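The block underneath contains the structure these notes are about, expressed in structure tokens.
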Amino acid sequence: MSLDPSLMHIAVFFIVGIALPVVALGIGRLLRPHQPSADKSVTYESGVDPTGDSWVQFNVRYYLFALLFVIFDVETVFLYPWAVVYDSLRKEMGLFVLAEMLVFLLFLVIGLIYAWKKKVLEWK
Amino acid sequence: MNLMMVVGPVLLLFIVLGFVTYAILFERKVIGWIQNRIGPNRVGPWGLLQTVADVFKLLIKEDIIPAKADESLFRLAPVIAFVPAFAVLAVIPFTEKIQFADFAVGLLYYMAISSITIIGILVGGWASNNKYALLGGMRSAAQMISYEIPLVMSVVGIIMSVGSLNLHEIVEAQQKVWFIFPQFVGFAVFLIASISELNRTPFDLPEAESELVAGYHVEYTGFRFAFFMLAEYVYVFAMASLTTVLYLGGWNAPFGLTFIPPIVWFILKFSLIVFFLFWVRATMPRIRVDQLMQFAWKVLLPLALANIFITAVFKEIPVIGKFY
């Protein structure tokens with residue numbers, strides 16, 4: 001099995017991308033002052049002493065959007081290959097290929113409408 | 001592996017850094033002009049060294065890591081946010097010859113890699129152990145995943161027309177008609193969703209200065225902060241390039257003006273998109289957070305889905321069908 005040569009280029013891009021922050025922050029270390037003090041490293045809360053911890057359980061609303069995202073993102077995973085081969089399948093199978101995707105999308109759109117009616121999409 | 005494979009990306013990195021430096025200056029100038037101000041004009045002639053001075057200032061600022069923060073994640077977050085911004089540039093075809101990776105699934109690669117940045121932002125917001133940062137990071141993640149759906153779906157129309165995910169082939173398919181015309185609905189959805197993915201005004205809620213102080217990067221100082229900003233502007237570069245490639249015909253010359261080299265055409269179209277982003281920023285007020293989420297799910301997503309079927313229907317119409 002031989003690898004696609006473009007994967008090598010992409011790997012180089014990742015390495016260069018990682019190298020820049022490493023090098024820049026490394027050089028920065030030589031230039032910048034380093035005088036830590038207790039006051040400096042207090043969490044910022046508009047100048048007031050911070051109360052409580054920030055690592056708390058968070059609003060369920062974000063979770064619902066994340067769920068919707070997963071559903072529709074998986075849908076795109078199916079849509080992309082379908083779109084790529086659409087023309088050739090259209091010649092072979094006729095409009096059945098379109099109808100099939102319509103049915104698949106219909107189920108998901110019903111889900112979206114349900115979420116819409118349940119007021120999940122409203123941000124409060 | 002030969003030397004050119006490394007020299008090319010490094011060269012591109014410096015071009016991108018140069019672009020970011022002057023895009024920031026240009027943005028401030030444009031906004032200045034629109035608001036009837038002069039804009040930066042003190043450092044260097046015409047303010048040309050303003051951003052250079054700003055970057056140098058950030059470089060010599062102390063790097064503070066809050067005592068309560070998760071130190072290793074705090075250090076890692078800006079890198080996670082920046083690396084994908086640069087890595088997506090590997091598949092962009094700037095001209096027929098200037099393209100680093102002629103990847104068969106280039107478009108999918110762009111969409112997949114660019115979403116990794118969300119993790120960087122979320123990690124940065126969480127690791128800071130700061131309430132503003134956490135809120136900003138959460139909002140940012142919610143916004144970016146919501147707008148990612150219309151973004152990836154708006155391009156399905158193009159994939160159906162071209163029958164490929166290869167960006168090079170997508171540009172070649174636009175030799176006669178650019179996709180902005182047959183795919184106008186897709187283009188509109190893509191442009192709006194991409195502004196939101198870039199976290200730019202009017203969708204800049206993640207870092208809404210007036211309510212969240214700065215959002216996910218409140219606790220970041222010096223060069224670590226700079227990397228979040230850099231990632232944002234590298235994405236401006238990447239997104240403007242991708243819009244040019246997908247909808248404006250890439251390096252193809254309009255009206256048969258082929259005596260002008262392809263790279264010039266690419267730069268012209270690219271600059272137009274970049275200017276448009278700055279123009280929108282200076283013109284539009286920030287959108288409200290509830291409207292923001294509703295807009296993605298109730299307007300853009302149905303439009304993007306409709307666009308897929310409009311494309312399929314138009315393919316069946318005899319004369320117009322050949323443009324789709």
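The values are calculated or read from the model by the stated rules, or taken from the named source; none is laboratory data. Computed from a prediction, not measured in an experiment: that's the story for all the values here. Here Cβ is always computed from backbone atoms with ideal geometry, including for glycine, and neighbour counts include all displayed protein chains. Ligands, DNA and RNA are excluded from the accessible area calculation, which covers all protein heavy atoms including side chains. Shrake-Rupley method; radii C 1.70, N 1.55, O 1.52, S 1.80 Å.
Contact map, the stretch B:167-181: residues that are assigned by the TED database to the domain that holds B:V245 paired with residues that are open to solvent by 30 Å² or more (accessible area, probe 1.4 Å) and assigned to a loop (DSSP other than H, G, I, E, B), Cβ distance under 7 Å, separation 6+ or inter-chain. Pairs shown: B:H168/B:Q99; B:H168/B:D102. B:W265 falls short on exactly one of the conditions (1) over 30 Å from A:L121 (Cβ atoms); (2) within 11 Å of chain A (Cβ to nearest Cβ); (3) not polar (S, T, N, Q), and that condition is (2). Of the helices (runs of 4 or more DSSP H) lying entirely inside the stretch B:211-306, the ones with 2 or more residues being within 30 Å of B:S72 (Cβ to Cβ), in contact with an Asp or Glu (Cβ under 9 Å, 6 or more places away or on another chain) and open to solvent by 10 Å² or more (accessible area, probe 1.4 Å) are found at B:222-247. Condition check for B:L167 on (1) at pLDDT below 90; (2) within 30 Å of A:P21 (Cβ to Cβ): one failure, at (1). Considering only residues that are aliphatic (A, V, I, L, M) and open to solvent by less than 80 Å² (accessible area, probe 1.4 Å), look in the stretch A:40-66 and name the one that is farthest from the other protein chains (Cβ to nearest Cβ). Selected residue: A:L64.
May I ask you to verify whether A:L20 is part of a helix (DSSP H, G or I) and more than 7 Å from every other protein chain (Cβ to nearest Cβ)? Spelling it out, it is not the case that A:L20 is part of a helix (DSSP H, G or I) and more than 7 Å from every other protein chain (Cβ to nearest Cβ).
Restricted to helices (runs of 4 or more DSSP H) entirely inside the stretch B:42-134, those with at least 1 residues that are within 22 Å of A:Y44 (Cα to Cα) are B:50-59, B:71-87, B:116-127. When residues in the stretch A:109-124 are screened for being open to solvent by 30 Å² or more (accessible area, probe 1.4 Å), more than 27 Å from B:I317 (Cα to Cα), within 9 Å of chain B (Cβ to nearest Cβ) and assigned to a helix (DSSP H, G or I), 1 of them pass. If only residues of the stretch A:74-100 that are closer than 16 Å to B:L301 by Cβ and open to solvent by less than 40 Å² (accessible area, probe 1.4 Å) are counted, the one that is farthest from the chain's Cα centre (by Cα) is A:L79.
Would you be able to say whether some residue in the stretch B:117-135 is more than 8 Å from chain A (Cβ to nearest Cβ) and without any contact (Cβ under 8 Å) to a residue 40 or more places away in the chain?
Initially, the stretch B:117-135 is screened for residues more than 8 Å from chain A (Cβ to nearest Cβ), giving B:117-125, B:127, B:135.
Of the ones still in play, those that are also without any contact (Cβ under 8 Å) to a residue 40 or more places away in the chain are B:118-119.
Yes, there is a match, as at least one residue in the stretch B:117-135 is more than 8 Å from chain A (Cβ to nearest Cβ) and without any contact (Cβ under 8 Å) to a residue 40 or more places away in the chain.
Residues in the stretch A:87-94: is at least one at the interface with chain B (Cβ under 7 Å from one of its Cβ atoms) and over 19 Å from B:K315 (Cβ atoms)? Checked the stretch A:87-94: no residue is at the interface with chain B (Cβ under 7 Å from one of its Cβ atoms) and over 19 Å from B:K315 (Cβ atoms). Do we find that B:P302 is without any contact (Cβ under 8 Å) to a residue 24 or more places away in the chain and either in contact with a Gly (Cβ under 6 Å, 6 or more places away or on another chain) or more than 14 Å from chain A (Cβ to nearest Cβ) (or both) in this structure? Criteria not met by B:P302. In the stretch B:313-320, the count of residues that are in contact with a Gly (Cβ under 8 Å, 6 or more places away or on another chain), part of a helix (DSSP H, G or I) and either open to solvent by 70 Å² or more (accessible area, probe 1.4 Å) or modelled with pLDDT under 85 (or both) is one or more.
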